[in-house]
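In what follows, a single structure is set out as structure tokens and then discussed.
The values are calculated or read from the model by the stated rules, or taken from the named source; none is laboratory data. Computed from a predicted model, the values in this text were never measured in an experiment. Neighbour counts are summed over all protein chains in view; Cβ atoms, including those assigned to glycine, are modelled from backbone coordinates with ideal geometry. Heavy atoms of the whole protein, side chains included, go into the accessibility calculation; ligands, DNA and RNA do not. Shrake-Rupley method; radii C 1.70, N 1.55, O 1.52, S 1.80 Å.
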Amino acid sequence: MDNISGLQILGYAASILIATSLLMRSIVRLRLFNLAGSATMSLYGLLIGAYPVAVLNLLTTTINLVQLARLQRRREIFRTIEISPDSPYLEHFLSVQAADIASFFPRFQADRAVSENGRLVALVLRDLMPAGVLIGSIRCETLEVELDYVMPQFRDLKVGRFLFRDEAAFFRSRGVREIVSFADTEKHAQYLKRIGFTRADDGTYLLVV
């Protein structure tokens, strides 16, 4: 192990990238990591004279580039649907995703009284698939977000950007003029900033719609 060469490190790095790509839930991230890994492995194969390895990974690199280009050109259909707070589907959704939801929204209470006035619950569909759920309470003209959860395989910001940038009319039709959200994790705070929220003095994040 004391005599590991630069070429061996390159080979190990390529292998790690390829293996890591298989852990990605997002197809875009899978393609990006696999692209980096296959390109690195192709270079490694050339440098050590293993031409079959180089050619195979060069083909894989090309396939990843083509598929990424297709994903960029693909037109997806998004839609926001308001549902009842006591919907059986919502109850099932929150139950199945409870552990993941708790990691991002530790203060969220799924069993909060559904009869509360001003309750807003909405599903975001992505190509007819439930991709995320928004739960909050409307007070005056402010929507206080309790849950803004996106399924792991859809976490490429498209759902959030659609909901909070393109769906302003959805909120305005319900009397909402501003949206307030909390960020219990740094990762969620970065997400809010990237989709247009600004941090207020009290630590909350605000978006005017």
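Key figures for this structure:
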read-out	value
Qualifying residue in the range 165-178 (condition: in contact (Cβ under 8 Å) with a residue 60 or more places away in the chain, of a type outside the set (D, E, K, R) and farther than 26 Å from Leu23 by Cβ)	yes
Among the residues listed as Val159, Val124, the single one being touching a residue at least 40 places away in the same chain (Cβ under 8 Å), part of a strand (DSSP E or B) and open to solvent by less than 30 Å² (accessible area, probe 1.4 Å)	Val124
Residue match in the range 71-81 (condition: open to solvent by 60 Å² or more (accessible area, probe 1.4 Å), in contact (Cβ under 8 Å) with a residue 60 or more places away in the chain and within 24 Å of Gly160 (Cα to Cα))	no
Candidates Ser95, Ser84, filtered to the one that is open to solvent by less than 70 Å² (accessible area, probe 1.4 Å) and polar (S, T, N, Q)	Ser84
Given (1) touching a residue at least 40 places away in the same chain (Cβ under 8 Å); (2) assigned to a helix (DSSP H, G or I); (3) open to solvent by less than 40 Å² (accessible area, probe 1.4 Å), index of the condition Leu47 fails	(3)
Long-range neighbours under 9 Å by Cβ, at least six apart or interchain, first residue assigned to a helix (DSSP H, G or I) within the range 92-106, second open to solvent by 50 Å² or more (accessible area, probe 1.4 Å)	Leu94/Ala110; Ser95/Ala110; Ala98/Ala110; Ile101/Ala110; Phe104/Asp184; Phe104/Lys187
Of residues in the range 1-44 being hydrophobic (A, V, I, L, M, F, W, C) and not in a helix (DSSP H, G or I), the one surrounded by the most Cβ atoms within 10 Å (Cβ to Cβ)	Met24
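Yes or no, residue by residue, for (1) surrounded by 12 or more Cβ atoms within 10 Å (Cβ to Cβ); (2) at pLDDT below 95:
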| position | (1), (2) |
| --- | --- |
| Arg165 | yes, yes |
| Phe171 | yes, no |
| Arg174 | yes, yes |
| Glu178 | yes, no |
| Ala183 | yes, yes |
| Glu186 | no, yes |
| Gly196 | yes, yes |
| Asp202 | no, yes |
| Tyr205 | yes, no |
